[in-house]
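Peer 1: Shown below is the structure under consideration.
The values are calculated or read from the model by the stated rules, or taken from the named source; none is laboratory data. Bear in mind the structure is a predicted one, so any value in this text is a computation, not a measurement. When we count neighbours, we look across all protein chains shown, and the Cβ atoms used for this are built from the backbone with ideal geometry, even at glycine. Just so you know, the surface numbers come from the protein's heavy atoms only, side chains and all, with ligands and any DNA or RNA stripped out. Shrake-Rupley method; radii C 1.70, N 1.55, O 1.52, S 1.80 Å.
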Amino acid sequence: MNKKQLALSLCLSLATGFGYAQNQAQERVISLKEALSFATNNNIAIQQAQLDEEGAEYRIKETKGSGFPQINGTGQLTVTPSIPTQLLPGEIIGQPGTYVPVKFGQKYNASGGLELSQLIFSKSYFVGLEAAATTRDLYRLRTQMSKEDVIYNVSSAYLQALQTKEQFNTIEANYNRLVQLEKILTLQYKNDFAKKVDVNRITVNKTNLENQRQALASAYEQQKNALKFFMGMPMDQQFELSDTESLTNTALPLTVNAQEIIAQRTDYQALQTQKKLYGLNVENIKGRSYPSLAGFGQYTYNAQRQEFNFFDTSKPWFKTFVLGVKLNVPIFDGFQRKYQTRQAELEVKKTDLTMQNLALSTQMGLDNALKQISTSELALENQERNVRLAQEVYDTTNRLYKEGLSPLTDLLESEVSLREAQTNLNNERLKHKIAQLNYIKARGELNNLIQ
């Protein structure tokens with residue numbers, strides 16, 4: 001394989017793996033911050049949460065509306081084919097001791113008018129107004145929680161894809177070295193300066209790296225698709241990840257108490273708001289035992305006819321106008337409110353337990369993230385030193401091999417050791433970044449990643 005063929009082969013493999021070469025210029029390179037900004041504007045879960053938040057505003061207006069005057073138009077038409085008969089004492093017509101059958105009413109009856117009602121006092125209504133306003137806060141917090149979930153998922157997916165990309169670059173560099181070595185050995189074999197078995201060893205190792213490279217290329221595309229999903233980006237849109245991306249260095253405090261930071265976590269604030277809502281529900285149920293007072297008014301026209309001639313303007317319609325107030329005093333409901341109150345109070349207690357569990361979970365997340373960060377930092381130092389040593393061993397073995405002082409097996413072993421050291425370093429970098437991400441999440445500071 002000459003240089004021109006080798007260059008063409010590399011271009012084709014990279015184009016299928018990561019879109020470098022000629023397609024790279026057409027692909028947009030996005031940073032983590034840009035990915036997060038896109039996601040917060042396009043993720044479907046966030047849009048759904050925003051719709052719920054908008055719906056809460058309508059529910060507030062709906063609750064307020066129940067305290068406004070309620071006006072209804074009424075109309076009724078009845079037909080009585082057989083008019084009911086009643087017996088009246090005969091004294092009214094001068095026939096004592098007898099009963100006279102009398103029909104009351106007309107065959108056709110029509111009425112129409114307006115009914116007005118106005119709530120004057122209801123304990124449940126005022127509690128409902130406060131609950132509606134609290135619901136607005138709850139949905140606002142849930143929208144923020146959705147954003148934080150998206151920020152975490154996008155950040156995690158971005159870092160994993162970036163780690164796969166870096167791992168591909170590592171395999172690519174080793175693959176290129178083996179390609180060059182295979183060319184040299186093939187030439188030496190043709191001139192009887194190398195053994196066929198040495199050429200086969202190189203070919204086997206190169207094939208293994210080619211398989212790894214293809215697997216990494218496939219994994220990278222799948223991870224980018226997952227990233228697109230979390231971002232709310234169309235799957236056919238292409239982009240590349242920034243090679244210089246990293247999370248902000250996280251300062252490690254000597255001690256971390258979850259109680260000091262949990263109040264700023266959105267999920268904890270949402271639980272506090274939920275608890276307040278459950279408490280208002282208790283008050284609302286108790287409020288139903290209070291008397292309620294409402295005013296009402298009716299203005300109606302009605303007419304009675306033996307024939308269906310309601311549109312005859314010469315026939316009279318009679319009007320009625322009524323105003324009044326209605327007092328409703330609950331006395332006994334079979335203990336329904338009592339047990340409804342007990343159920344609502346249990347929801348408050350359950351929320352208290354959930355808040356306690358969240359505090360424990362937060363403390364665990366902080367402790368684990370801090371330990372992982374410390375462990376990863378030490379491992380990073382060791383792996384960076386290990387890569388330097390493996391590189392020195394490889395360079396020395398390669399030089400000795402070229403001078404004929406070291407066998408090919410030593411060179412291949414040093415190449416494998418260097419690759420393993422680079423892979424381990426790459427994995428530790430990902431662990432360190434994920435640990436930083438988990439620490440930021442535990443502190444409730446994920447929003448800082450997009451500021």
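Peer 1: Students often forget the sequence filter, so: which aspartates and glutamates lie under 16 Å Cα-Cα from Lys224 once same-chain residues fewer than 8 apart are removed?
Peer 2: Glu27, Glu34, Glu166, Asp236, Glu240, Asp243, Glu245
Peer 1: Work out how much length Ile184 to Leu353 would gain on full extension: take 0.36 nm times their residue separation and subtract the Cα-Cα distance, in nm to one decimal.
Peer 2: Here the answer is 53.8 nm.
Peer 1: Per the 1.4 Å probe, what fraction of the accessible area of the chain, in percent, lies on carbon and sulfur atoms?
Peer 2: Here carbon and sulfur together make up 54 percent of the probe-accessible area.
Peer 1: Measure nothing fancy, just the Cα-based angle from helix 3-17's long axis to the longest principal axis of the chain, in degrees from 0 to 90, nearest 10.
Peer 2: The angle comes out at about 20 degrees.
Peer 1: Taking a label point 7 Å from the Cα of Ser361 along the Cα→Cβ vector, which residues of segment 430-451 have an amide N closer than 17 Å to it?
Peer 2: Taking a point 7 Å out along Cα→Cβ of Ser361, the residues of segment 430-451 whose backbone N falls under 17 Å are 438-446.
Peer 1: Taking R0 as 60 Å, what FRET efficiency do you get between Ala263 and Thr98 from their Cβ-Cβ distance, rounded to the nearest 0.05?
Peer 2: That pair, Ala263 with Thr98, gives E of 0.10.
Peer 1: Pairs Lys107/Lys319; Lys147/Lys350; Lys33/Lys433; Lys286/Lys349: which are spaced more than 24 Å apart, C-alpha to C-alpha?
Peer 2: Lys147/Lys350
Peer 1: Give a quick list of chymotrypsin sites (Phe, Trp or Tyr not before Pro) in segment 60-153 that DSSP marks as loop, anything other than H, G, I, E or B, with at most 16 other Cβ atoms within 10 Å.
Peer 2: Those that pass, being in a loop and sparsely packed, are Phe104.
Peer 1: Candidates (1) 28, 57, 15, 1; (2) 16, 22, 17, 14, 12, 9, 6, 3, 1, 0; (3) 16, 30, 22, 15, 10, 5, 1, 0; which is the computed P(r) over Cα pairs in 20 Å bins from 0, in percent?
Peer 2: Recomputing P(r) over Cα pairs in 20 Å bins from 0, in percent here picks out (3).
Peer 1: Continuing with this model, one more query. Sort out for me the Cα centre separation of segment 262-315 from segment 359-413, rounded to whole Å.
Peer 2: 70 Å
Peer 1: Taking only C-alpha pairs under 8 Å that are 6+ residues apart, what is the relative contact order of the chain in percent?
Peer 2: 23 percent
Peer 1: Would you mind pulling out the separation of the Cα centroids of segment 327-358 and segment 184-232, in Å?
Peer 2: Value for the Cα centre distance between the two parts: 66 Å.
Peer 1: Applying 1/(1 + (r/R0)^6) with R0 = 25 Å to the Cβ-Cβ distance of Ile331 and Ala294, what FRET efficiency is obtained, to the nearest 0.05?
Peer 2: Computed FRET efficiency for Ile331 and Ala294: 0.90.
Peer 1: While we're on this one: Using 0.36 nm per residue of separation minus the Cα-Cα distance, give me the extension gain between Asn176 and Val204 in nm, one decimal.
Peer 2: Contour length minus Cα-Cα distance gives 8.7 nm.
Peer 1: For the chain, find the longest principal axis of its Cα atoms and tell me its angle to the long axis of helix 44-65, 0 to 90°, nearest 10.
Peer 2: Helix 44-65 sits roughly 20 degrees off the main axis of the chain.
Peer 1: Let me ask you something else. Put a dot 7 Å past each Cα toward the Cβ at Gln391 and Thr74; how far apart are the dots in nm?
Peer 2: Modelled inter-label distance: 9.1 nm.
Peer 1: Roughly what angle does helix 266-287 make with the longest principal axis of the chain, taking Cα atoms, 0 to 90 degrees, to the nearest 10?
Peer 2: 10 degrees
Peer 1: What accessible area per residue comes out for the chain, rounded to a whole number of Å², with a 1.4 Å probe?
Peer 2: Accessible area per residue: 59 Å².
Peer 1: Right, next: Let me spell out the model: positive unit charges on the Cβ of Lys and Arg, negative unit charges on the Cβ of Asp and Glu, origin at the Cα centre of segment 269-354. What dipole size does that give, in debye rounded to 20?
Peer 2: My answer is approximately 240 debye.
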